[in-house]
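The values are calculated or read from the model by the stated rules, or taken from the named source; none is laboratory data. All of these numbers come straight from a predicted model, not from anything done at the bench. Neighbour counts run over all protein chains shown; Cβ positions are idealised from the backbone, glycine included.
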Amino acid sequence: MIDLKFDQDQVKRDTDDFVQRLTHGLAVLAQVGDVAIGSAAKDAVYAEDKLVLYRYRAVEDVPAQSRVRVPLVICYALVNRPYMMDLQPDRSLIRGLLQRGVDVYLIDWGYPDGADRFLTFDDYVSGYLARCVDFVRESSGFDRVNLLGVCQGGTISLCYAALHGDSLRNLVTMVTPADFHTPENLLAKWTKHVDLDALVATTGNVPGELLNALFLSLQPFRLTSQKYVDLLDQIDDPKALENFLRMEKWIFDSPDQPGAMFREFMQWFVKENRLMHGTLELGGRAVDLKSMQTPLLNIYAQFDHLVPPSASEPIEKLVGSRDYSSYQFPGGHIGIYVSGAAQREVPERIASWLRERDAR
């Protein structure tokens, strides 16, 4: 039998100290106003329903020989807001790309409402994304453009490239899942016993708050209690506090998901793993990744708890691209956008890879 002895006076001192820090922290947080999101200047160039396509303004002092002539369209996930790509001046993948001469467009999917509940997965692939790409092709004068798909947006982009590859010069996938049945995939395990038809019939659109609670539950201690305790050690650092609040704003800014699209994505990709089995069809057409010849750069994160490397690495064998490159970033699902290492490594990897293929 283990005899546990406690110094009651020390426990009381530690408790009193924590309460004081917590009280001080709450008082500081109460005085903080809304934090600004985004930093790079942009213009809305195309809009349709809830969607807005932005073009970011070029950085003027980039040497001509460093510029990437072919525009890059970023297709972000639907389950989160895309401003994670441009969170603040020193934590911005988009700003890093602009500084390296890339002409950047970003799709903002907006906030779906009840009018969107019957939108399908193919409406996003061969509808919204296709029309955004066509707009950039027409306005830029290039028959083919570059596409960067992020997370779920990468899965959408893979499907688009398989069906509409003649409109793409190059494809970059970033923390993109292809195999949803890897041992580390907690989302697939959670979905296994969910009645998707009943869920969508009950909710119409699936509430963003519900999905956010699910994602937080995948690492409940680190993503809830622990981060707030750690914040107390930085509560008097204004910059660290603003950084924390920007991340919190993004985490809890979760759009609702159109019911039909959500049901199809979860059933076809997460439950049935159709990309891996080659059985996916969209709009009556087979999504044959082996037919895809577009040059592909696949970027994934070594410590990603949402899209583990084992979910992204199979892309190499699924696609028919003979020009395939990959890069494993030594970080996590969020760190690949906002960490200091990411600012140095990721934009340069993407820009240099695109630049090498710009004249082909």
- Task: Look through F262, F252 and report the one residue that is surrounded by 18 or more Cβ atoms within 10 Å (Cβ to Cβ) and within 20 Å of the chain's Cα centre (by Cα).
- Result: F262
- Task: Considering each residue of region 60-73, count those that are surrounded by fewer than 17 Cβ atoms within 10 Å (Cβ to Cβ) and touching a strand residue (DSSP E or B) at 6+ places or on another chain (Cβ under 7 Å), and give that number.
- Result: 0
- Message: Can you list residue pairs whose Cβ atoms sit under 6 Å apart, with the first residue in region 311-338 being without any contact (Cβ under 8 Å) to a residue 40 or more places away in the chain and the second being of a type in the set (K, R) and not in a loop (DSSP other than H, G, I, E, B)? Count only pairs 6 or more apart in sequence or on different chains.
- Response: G320/K290; Y327/R349
- Sort out which residues of region 108-138 are under 27 Å from D358 (Cβ atoms), surrounded by fewer than 23 Cβ atoms within 10 Å (Cβ to Cβ) and out of contact with any Leu (no Cβ under 8 Å at 6 or more places or on another chain), and write them in order of number. A130, R131, D134, R137, E138
- Query: Among the residues of region 82-103, which ones are in contact with a strand residue (DSSP E or B) (Cβ under 8 Å, 6 or more places away or on another chain) and of a type in the set (D, E, K, R)?
  - Reply: D86, R95, R100, D103
- So which of Y105, Y76 ends up being buried (at least 20 other Cβ atoms within 10 Å of the Cβ), of a type in the set (S, T, Y), farther than 22 Å from S339 by Cβ and touching a residue at least 12 places away in the same chain (Cβ under 8 Å)? Y105
- In this structure, is V172 aliphatic (A, V, I, L, M), in contact (Cβ under 8 Å) with a residue 40 or more places away in the chain, assigned to a helix (DSSP H, G or I) and closer than 25 Å to I315 by Cβ? no
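Considering only residues that are among the small types (G, A, S) and more than 18 Å from Q152 (Cα to Cα), which ones fall in region 327-341?
Narrowing region 327-341 to residues among the small types (G, A, S): 331-332, 335, 339-341.
Matches in region 327-341: G331, S339, G340, A341.
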- Task: Filter region 142-156 down to the residues that are under 19 Å from D103 (Cα atoms) and hydrophobic (A, V, I, L, M, F, W, C), then identify the one that is farthest from the chain's Cα centre (by Cα).
- Result: F142
- Residue identified as small (G, A, S) and either without any contact (Cβ under 8 Å) to a residue 24 or more places away in the chain or closer than 18 Å to L318 by Cα (or both) among G208, G153: G153
- Filter pass, G165 being of a type outside the set (A, V, I, L, M), farther than 28 Å from D253 by Cβ and out of contact with any Cys (no Cβ under 9 Å at 6 or more places or on another chain): yes
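Residue by residue through region 126-164, note down the ones that are hydroxyl-bearing (S, T, Y) and more than 22 Å from A351 (Cα to Cα). Step through it out loud before you land on a result.
Filtering region 126-164 for residues hydroxyl-bearing (S, T, Y) gives 126, 128, 139-140, 155, 157, 160.
Hits for region 126-164 are S126, Y128.
Only one residue in S139, S157 is among the polar types (S, T, N, Q), assigned to a helix (DSSP H, G or I) and over 27 Å from D253 (Cβ atoms). Which one? Talk me through it step by step, then tell me what you get.
On the way: S157 fails: over 27 Å from D253 (Cβ atoms).
Matching residue, one of S139, S157: S139.
Inspect region 305-317 for any residue being of a type in the set (V, I, T) and under 16 Å from L148 (Cα atoms) and give the result as yes or no.
Filtering region 305-317 down to residues of a type in the set (V, I, T) leaves 307, 315.
Remaining after also requiring under 16 Å from L148 (Cα atoms): 315.
Yes: one or more hits.
Of all residues in region 265-305, count the ones that are of a type in the set (F, W, Y), surrounded by fewer than 16 Cβ atoms within 10 Å (Cβ to Cβ) and under 21 Å from D195 (Cα atoms). Break it down stepwise before answering.
Narrowing region 265-305 to residues of a type in the set (F, W, Y): 265, 268-269, 300, 303.
Of the ones still in play, those that are also surrounded by fewer than 16 Cβ atoms within 10 Å (Cβ to Cβ) are 303.
Add one more test, that the residue is under 21 Å from D195 (Cα atoms), and what stays is none.
Qualifying residue count for the region: 0.
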- Message: Among the residues in region 48-59, are any modelled with pLDDT under 95, charged (D, E, K, R) and either within 21 Å of the chain's Cα centre (by Cα) or buried (at least 16 other Cβ atoms within 10 Å of the Cβ) (or both)?
- Response: no
